[in-house]
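Working notes, structure below.
Nothing in this text is a laboratory measurement; each read-out follows from the coordinates by a stated rule. Since the structure is predicted, the reported quantities are computational estimates derived from the model, not experimental observations. Here Cβ is always computed from backbone atoms with ideal geometry, including for glycine, and neighbour counts include all displayed protein chains.
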Amino acid sequence: MIRLKRLCAAMLLLSLALYAGCAAPRQGVGAQKPFVAVIVKSTGSSFWKSVKAGANAAASEYNFGFSFDGPLSEEDYEGQNRMIGDAVAAGADAIVLSAIDFSGTAEAVERAAAAGVKIVVIDSDVDSDQVAVRIGTDNYAAGREAGLAVLGGEENTLRIGVIGFDVHTKNGQEREQGFEDAIAEDSRAEIVETVNTSSDSETAQKATRDLLTRHPEINAVVTFNELTTLGVGHAIGELGLGGTVRAVGFDNNVVSVGMLETGEIDVLIVQNPFAIGYLGVENAGLLASGKIPSADRIDTEVRAIDREGMYSDENQKFLFSFTENQ
C-alpha cells in the first residue's frame, strides 16, 4: 500500500529536492549511507521527470545517496545495460530499473545481482528472478482501462487503429494485451491494424497519419505511452479529425492535457509517476540497509480521465502533476 502520509510529506520536500540535484555515486567502501542508482528508459519526458522528482524526494527524506540516468532513446537497451554495469562498478548498493527490453536486459541485471546489488523494478519489468520488489502501474489493468475508454464512445461500430511502441518492452506488451482483451468482449469493435513505432512523438505522428490515410474507416485510435500519445494527438490535429476519431492515450504533460481540452485526445490513462519514483528509491534504500520491504509487488494508482472529468478535484492531482512543460 502506498504510504499516503509519507508521500504527502515528500511533496513538501520536492522544491528543495529539485534544487539539490543528484548525488555522485559513492566510490569504495567508506560511504556511510546506501547509494541507489535509478536507471530508466530515458530522461527527457514529463513522465520520467516526475519519476525523478519522486525518487529525489525519497532520497532526501531518507538521506540515501542517489543518481538518475537513462539513455537518449527508449529503444537503446544496450546503452541501458552499460549504465547498469557502470552503476555496479561505481559501488551502487541498489539499482532501481525500468527495463527497456524484458529479455535483453536480463543478463545485465543478473550480473548486478551476482555482485551483491539489490534490484528494484519500476514501470517496466525484466526477465529475472533476482528482482526483490516490483513497483508501478498494473499494466494489464491499465490496458483494459484504455479498452473501456475506447468502448465508452457513442459509436455503433468501432474500427480501431493501434499505435504500439517497442515490442520488447514488457509494460507495452501488457498494456496492449489488456486492451485487446477488453476490446474482444464487445462485438461493436474491430482492430483494423496495429502499427509498432519507436517511442518518440514525431515518428508516432507519421505512423498515425499514415495509418489513418490507409484506413479512412478508422474511427478510434489507441496508444500506450506519453510520447506516442503526443504523436497521435498531433496527427489527429494535423488531419482535422478531432471529434471524428476517438483517441485514447497514456500519461500527461502540458501538451497532452491541452489536447484533451481541445479535442485531439478524448481520454488519457494517467499514472502516478511521482509515487513510482518515490517508492522505488524508498524500497531500494531499505533493501540496501538490510531491511525487508512490506511487499514484493506494489501497484500504484491509474485513472482514465476524459474531457468532462479533467477539472474535478479528485483528478487534479493526477492530471496536473507534471513538473515541466513538454
Sequence-distant or interchain residues sharing an amide H contact under 5 Å with Val270, placed H: which? Asp251, Arg303, Ala304, Ile305
Using alpha carbons only: equivalent-ellipsoid semi-axes of region 39-130, gyration tensor based, whole Å: 19, 17, 11
Mind pulling the angle between the C-alpha long axis of helix 170-184 and the longest principal axis of the chain? Nearest 10 degrees, somewhere in 0 to 90. 30
Selection from Val232, Phe66, Leu279 lying farthest towards where the dipole of the chain points positive, charges on Cβ: Phe66
Order these peptides, 265-272, 123-130, by their mean beta-carbon neighbour count within 10 angstrom, highest first. 265-272, 123-130
Fully extended, how many nm does the chain gain between Asp181 and Glu78 (0.36 nm per residue separation, minus their Cα-Cα distance)? 33.9 nm
Built amide H within the under 5 Å cut-off of Gly164, gap 5+: Val195, Asn196, Thr197
Provide the three semi-axes, in whole Å and in decreasing order, of the ellipsoid equivalent to region 97-180 as defined by the square roots of 5 times the Cα gyration tensor eigenvalues. 33, 12, 7
Cα-only radius of gyration and Dmax that characterise region 221-326, units Å: 16.5, 57
Compute the distance from the alpha-carbon center of region 266-326 to that of region 156-179, in whole Å. 21
Cross-link reach list, lysines versus Lys49, counting only Cα pairs under 18 Å and skipping chain neighbours closer than eight places: Lys41, Lys317
Once the other residues with Cβ under 12 Å from the Cβ of Ala108 are scored (Lys, Arg +1; Asp, Glu -1), what is the net sum? -4
For region 139-270, what log10 I(q)/I(0) values come out of the Debye formula at q = 0.10 1/Å, with one point per alpha carbon and no solvent? -0.24
For the chain, built as a Gaussian network whose Cα springs stay under 10 Å, the top-fluctuating residue of Ala182, Ala295, Ala132: Ala295
Using only the alpha carbons of the chain, determine the length spanned along each of the three principal axes and report them from longest to shortest in whole angstroms. 65, 40, 31
